[in-house]
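Note sheet for the following structure.
Nothing in this text is a laboratory measurement; each read-out follows from the coordinates by a stated rule. Keep in mind it's a predicted model, so treat the numbers as computed, not measured. Methodologically, a virtual Cβ is constructed for each residue, glycine included, from the backbone with ideal geometry; neighbour enumeration extends over all protein chains shown.
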């Protein structure tokens, strides 16, 4: 799964599917500056990693972002240990960097 | 079939029969189906096509958050039901539809696919549901593979 996420093109594909789920290969290619063949290969890798789920509708293959494996990582490595500390850090960052609305 | 709004897939090292039981048996469900803020939920029905089902709080069965009608029930492979707010359960135009597909992949490996259709007309429901399924499926996988679900999260209110 981490190998699947390691490539910026594949991360862009996941972002595309997050924006609009259930896209065909043709629709995805419109947003990507790479060949149809490259997009196909990236999608296959994402499917093998279970980050993309596929549904056939007639002759159309629709692609969906599948967040379940990412959720498992979140449960295992983020929620259990770090969430409160991350929230504190984010709050500190917001406070130090300021927010225009807060400056009076 | 309309285009699903969401498709969630998880691979679980177990048998189709155990996944099926987890979807229809409240004793199993209460171990993994947590609500967003803590209390376990169970889906109660006789699971016959045409029957009503209710998504209840395990400790307060009179609190029904979601309800609907069983469309298809083919153990241990496929379960389909409609999904609605209890106040809208008599108005089919407000229903969305959930499909569970259980496919054996190898010996003791099952692919469970949950797809949810017709949600886009109800953005609020769509938002709640899309956050909920990954947690439910992730907990279910942990329960079936290890025998116990993740520790109950502390309710932060």
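Could you tell me the extents of the range A:2-65's C-alpha atoms along the three principal axes, largest first, rounded to whole Å?
Projected onto its principal axes, the Cα set of the range A:2-65 covers 32, 24, 21 Å.
Could you compute how fast the protein assembly as shown diffuses translationally, taking Rh as the Kirkwood radius over C-alpha pairs and applying Stokes-Einstein at 10 °C with viscosity 1.306 mPa s? Give it in µm² per second.
After rounding, the answer is 79 µm²/s.
Treating the angle as unsigned and between 0 and 90°, give the value, to the nearest 10°, between the Cα long axis of helix A:80-97 and the longest Cα principal axis of chain A.
That works out to roughly 60 degrees.
Between the range B:31-87 and the range A:1-43, how many Å separate their Cα centres?
Each part's Cα centre sits 35 Å from the other's.
Kirkwood Rh over alpha-carbon pairs of the range B:1-65, then Stokes-Einstein at 37 °C and 0.692 mPa s: what D in µm² s⁻¹, rounded to an integer?
The calculation lands on 243 µm²/s.
Out of B:128, B:68, B:50, any idea which swings most in a Gaussian network model of chain B, alpha carbons joined below 10 Å?
B:128
To test your reading of the geometry: what angle, between 0 and 90 degrees and rounded to tens, separates the Cα axis of helix A:36-48 from the longest principal axis of chain A?
Relative to chain A, helix A:36-48 is tipped by roughly 70 degrees.
Let me test this: with uniform point scatterers at the alpha carbons of chain B, what is the Debye-based log₁₀ I(q)/I(0) at q = 0.14, 0.15, 0.17 1/Å?
-0.68, -0.79, -1.04
Give me the inter-chain shielding for A:18-27: mean count of other chain Cβ atoms within 10 Å, whole number please.
Details: counts 0, 0, 0, 6, 6, 0, 0, 0, 0, 0.
Average neighbour count from other chains, rounded to a whole number: 1.
To the nearest 0.05, what FRET efficiency results for residue B:51 and residue B:146 with a Förster distance of 35 Å applied to their C-beta separation?
0.60
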